[in-house]
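What follows is a single structure, written as structure tokens, with notes after it.
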Amino acid sequence: MRISEQKRKTLETDISLRLCLDGGKTNISTGIGFFDHMLNSFAVHGGFGLTVKAAGDTYVDCHHTVEDTGIVLGKAFADALGNRSGISRFGSACIPMDEALAFAAVDISGRPFLVFQADFQQDRIGEYDSCMTEEFFRAFAVNAGMTLHARVEYGQNAHHQTEALFKAVAHAVRTAVEPSGTGVLSAKGCL
């Protein structure tokens, strides 16, 4: 089983996370209802076991909790994947949610990079700031060591746009981490 347990404690947040790339239970508690919903959707659509317990300075805003959760989740992916040998490496998905459509493509290459394009129609979804979606995926991609392209093609409802994006990334990552039965997928022989 490809499992990682990670912790991060700062003056702003205290996060414990357990990730199993091969499935398992999901239990998310960050103190930000919509963000919990997105992380749960990410786990379900990625087929990942994911437990997250986060406490943060949400009396300020959701920034530190969301970004630091992205950091911890990214580190868990990097740890669970090890040297990235034997995985498919690439994945992409295009996911609709009602009027919204989102696309994601990923390369688990060890070269972190984020390309993010989204014009969210509302600034807030409950206690979640829509702009934090980009911050989350940047922290996730950088700490996981992956190249991630994430784009909302269109939509009128920020909830639908954001959820379609989390699901698209989950499906792309799920494809990329699937066992391939080969070594490192690179013409160089290493990443």
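Things worth noting here:
- Members of region 114-132 that are touching a Phe, Trp or Tyr at 6+ places or on another chain (Cβ under 7 Å), touching a residue at least 40 places away in the same chain (Cβ under 8 Å) and either assigned to a strand (DSSP E or B) or among the aromatic types (Phe, Trp, Tyr) (or both): ILE125, TYR128
- Some residue of region 44-56 being surrounded by 16 or more Cβ atoms within 10 Å (Cβ to Cβ), touching a His at 6+ places or on another chain (Cβ under 9 Å), part of a helix (DSSP H, G or I) and on the phi < 0 side of the Ramachandran plot: yes
- Taken residue by residue, region 37-54 has no member that is at pLDDT below 95 and not acidic (Asp, Glu).
- Within region 1-43, if we keep just the residues that are of a type in the set (Val, Ile, Thr) and crowded, with 16+ Cβ neighbours inside 10 Å, the residue that is farthest from HIS64 (Cα to Cα) turns out to be THR26.
- Residue count for region 69-103 satisfying the condition of being touching a Leu at 6+ places or on another chain (Cβ under 7 Å) and of a type in the set (A, V, I, L, M): 6.
This table checks each residue for (1) closer than 23 Å to THR65 by Cα; (2) at pLDDT below 95; (3) β-branched (Val, Ile, Thr); (4) buried (at least 18 other Cβ atoms within 10 Å of the Cβ).
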position: GLN117; (1), (2), (3), (4): yes, no, no, no
position: ASP123; (1), (2), (3), (4): yes, no, no, no
position: TYR128; (1), (2), (3), (4): yes, no, no, yes
position: THR162; (1), (2), (3), (4): yes, no, yes, yes
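- Tallying residues that are charged (D, E, K, R) and over 13 Å from PHE137 (Cα atoms) within region 54-77 yields 2.
- Residue within region 168-183 that is surrounded by fewer than 15 Cβ atoms within 10 Å (Cβ to Cβ), touching a residue at least 40 places away in the same chain (Cβ under 8 Å) and not in a loop (DSSP other than H, G, I, E, B) present: yes
- Within region 59-80, the set of residues being buried (at least 19 other Cβ atoms within 10 Å of the Cβ) and outside any helix (DSSP H, G or I) comprises just one member, CYS62.
The values are calculated or read from the model by the stated rules, or taken from the named source; none is laboratory data. No experiment lies behind these values; they were computed from the predicted model shown. All Cβ positions, even for glycine, are placed from backbone atoms using ideal geometry, and neighbour counts span all protein chains on display.
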